[in-house]
Amino acid sequence: MNELLVERLPPIVDIGPERQLFLDDLLIDSLENAARFVHQPRKLAENPVFEMEKPWEGQRFLYCDVAKDRDKGTYNLWYSIYPEVNNPGLCYAVSEDGIHFERPELGLVEFNGSTANNLLALPAGFAHDMTVAKDEREQDPARRYKMAYYYAGGVGMAWSPDGLRWTAHQPNPVIAPTGDASQSLFWDERYGLYVMYLRPNGHHKKRTWRNRGVPYDASVFPTRRMGRAESIDAASWTHIEEVLTPDQRDGPGTEFYYMPVLPYQGAYLGFLNVYHEFTGDSQPLAGTNYTIDAQLTFSRDGRQWTRVCDRQVFLRGDEQAWDEKRLYIDHVQVEDECIRIYYRGSNIPHAGINDLLGTQHNGRPLHGDALGIAELRVDGFVSIAAGDQPGSLTTRPLRFDEGNALRLNADASQGEVRVEVRTLYGAVIDGFSLGECLPLNADCTTHQVQWRGGRTLAQLKEPVRLHFSLRQSQLYSFQIVAQRGTA
């Protein structure tokens, strides 16, 4: 064997039964006449789907979280309200379809002499910026639901048997100091730990580069960046480890507000809410001043993060729409047929929320946050796409221990996709050429690739490369599966 050739080979990538997406470069050896694109979710026409309308809610709807109850098939919505400045409350709503939410009369908290409302009794010391997780593995029924929230300059925890009646952990806060933003909280099966993504505490770098005339330096500790902490019991937490911070390419005024994280197909997707704090104009309503939009991030270990597709915007408010100035992704729900994204939006920028609420700008009313929904196809975050001129993607050498069939998630309704299987060194394997592959000419999330002669991947004993030929098509993911009845 040619030793020089071996040295030039890319490393072999071990893949499991999960669907393989192209959110980073790990799987990709080469692209020709093809490129990776971020796909922006489609917003529902009925947006906003939930607005503040009750007298106890006021006009300010801030942090929220959504959780699907697998047992009941319903969707729970918890949301913070601010009927008065610095006096937050907590409410609950429920939905049968995850789109249309109702406010049940809970009878828990009195408002103006009546308990006919959806207010929740606040745990001692409760403040804003909350997130809720239903913990299916918890053995203590009283701690089935877990809430993390900003309290006393850090993160407090509270427990509940039903998501409605909450008891604060003692002592709180469990992590301090931290930033005053929502957290992302979940049980991580890979590590066997609770994981929280949150903002470390910091100082305002803007005072350095804007007010004092000092050149901008992204290495200066920004106010808003992302960190990670771990726990075995959701009560005692490690120190915050910094995992993602703005850099010199982001430019002055860029900060990271918070980042919901979704474990997905053996990896982690982050939905980074990016704050464009100051863009040179002192007027809050000018341009992108004090606006917030969302970018995609991706990690294979939960610690090292990639900014997907060169920091392309994933979701932002629409011009002159209700969500124009601020859009925060709060929760991402994986459904059988789609990815559903719950976000808050407002046409008031971050600076001036209290002063501008209820006023008008250019004849349009300025209102507080409301809840919107956007949806993607399964695995539809990014695709490898080619146009009229045929393109291709060739993977690095792949090793898989199980599986005999190849499935694709691709849209080839206007063109075609074919797959060729090659050796470690790039030679086409007999029976697996492009000419022997039956083309995909449709939009399908679970297309099984076939080659003439009935060849299957079970016949391959060594690492292989997959070569995808694309014309007028988008490839979202592939998967090695065990197909019954296939030798």
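The values are calculated or read from the model by the stated rules, or taken from the named source; none is laboratory data. These numbers were taken from a predicted model, which means no experiment stands behind them. Virtual Cβ from ideal backbone geometry, glycine too; neighbours counted across all protein chains shown.
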Could you say whether any residue in the range 417-435 is within 30 Å of I339 (Cβ to Cβ), modelled with pLDDT under 95 and either surrounded by 18 or more Cβ atoms within 10 Å (Cβ to Cβ) or of a type outside the set (D, E, K, R) (or both)? no
So which residues in the range 17-48 are over 23 Å from G415 (Cβ atoms) and surrounded by fewer than 14 Cβ atoms within 10 Å (Cβ to Cβ), if there are any at all? E18, D25, A45, E46
Pair list, Cβ under 6 Å, 6 or more apart: the range 2-16 residue within 15 Å of G426 (Cβ to Cβ), other residue modelled with pLDDT of 55 or more: P10/D29; P10/R396; I12/P397; I12/R399; I12/P463
Within the range 438-487, residues among the basic types (K, R) and free of Cβ contacts under 8 Å to residues at least 60 places away in the same chain come out as R452, R455, K461, R484
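Check A67, A121, A116 and return the single one that is of a type in the set (A, V, I, L, M, F, W, C), surrounded by fewer than 21 Cβ atoms within 10 Å (Cβ to Cβ) and in a strand (DSSP E or B).
From the options A67, A121, A116, the qualifying one is A67.
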I'd like to check something: does the range 294-315 contain any residue that is without any contact (Cβ under 8 Å) to a residue 40 or more places away in the chain, part of a strand (DSSP E or B), crowded, with 21+ Cβ neighbours inside 10 Å and not assigned by TED's automatic domain parsing to the domain that holds Q474? yes
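For N404, indicate whether it is at pLDDT below 95, more than 22 Å from S469 (Cα to Cα) and among the polar types (S, T, N, Q).
Criteria not met by N404.
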Residues to consider are R465, R484; find the one that is of a type in the set (D, E, K, R), at pLDDT below 95 and either outside any strand (DSSP E or B) or over 28 Å from the mean Cα position of the chain (by Cα) (or both). R484
Selection over the range 349-389 where residues are of a type in the set (A, V, I, L, M, F, W, C) and either surrounded by fewer than 15 Cβ atoms within 10 Å (Cβ to Cβ) or closer than 30 Å to F37 by Cβ (or both) yields a count of 11
Aromatic (F, W, Y), in the same structural domain as L244 (by TED's automatic domain parsing) and not in a strand (DSSP E or B): is that true of Y150 in this structure? no
Scan the range 17-37 and give yes if some residue there is more than 30 Å from A181 (Cβ to Cβ) and touching a Pro at 6+ places or on another chain (Cβ under 7 Å), otherwise no. yes
Here's a check for you: in the range 63-103, which residue that is under 22 Å from the mean Cα position of the chain (by Cα) and either of a type in the set (D, E, K, R) or not assigned by TED's automatic domain parsing to the domain that holds G372 (or both) is nearest to I329 (Cα to Cα)? D65
Among the residues of the range 138-166, count how many are over 17 Å from V94 (Cα atoms) and of a type in the set (D, E). 2
Evaluation of A45 against (1) in contact with a strand residue (DSSP E or B) (Cβ under 6 Å, 6 or more places away or on another chain); (2) closer than 17 Å to I339 by Cα; (3) part of a loop (DSSP other than H, G, I, E, B) (one fails), failing number: (1)
Looking only at the range 73-104, and only at residues there that are surrounded by 11 or more Cβ atoms within 10 Å (Cβ to Cβ) and charged (D, E, K, R), the one that is farthest from Y150 (Cα to Cα): E96
Whether any residue in the range 447-460 is hydroxyl-bearing (S, T, Y) and modelled with pLDDT of 95 or more is what I want to check. no
Applying the selection to the range 366-397, what residues are within 26 Å of A442 (Cα to Cα) and of a type in the set (A, V, I, L, M, F, W, C)? A374, L376, V378, F381, V382, I384, A385, A386, L393
Consider only pairs whose beta carbons are under 7 Å apart and that are at least six residues apart or on different chains; among these, list those whose first residue lies in the range 357-385 and is part of a strand (DSSP E or B) and at pLDDT 95 or above and whose second residue is of a type in the set (G, A, S) and surrounded by fewer than 20 Cβ atoms within 10 Å (Cβ to Cβ). A385/A35
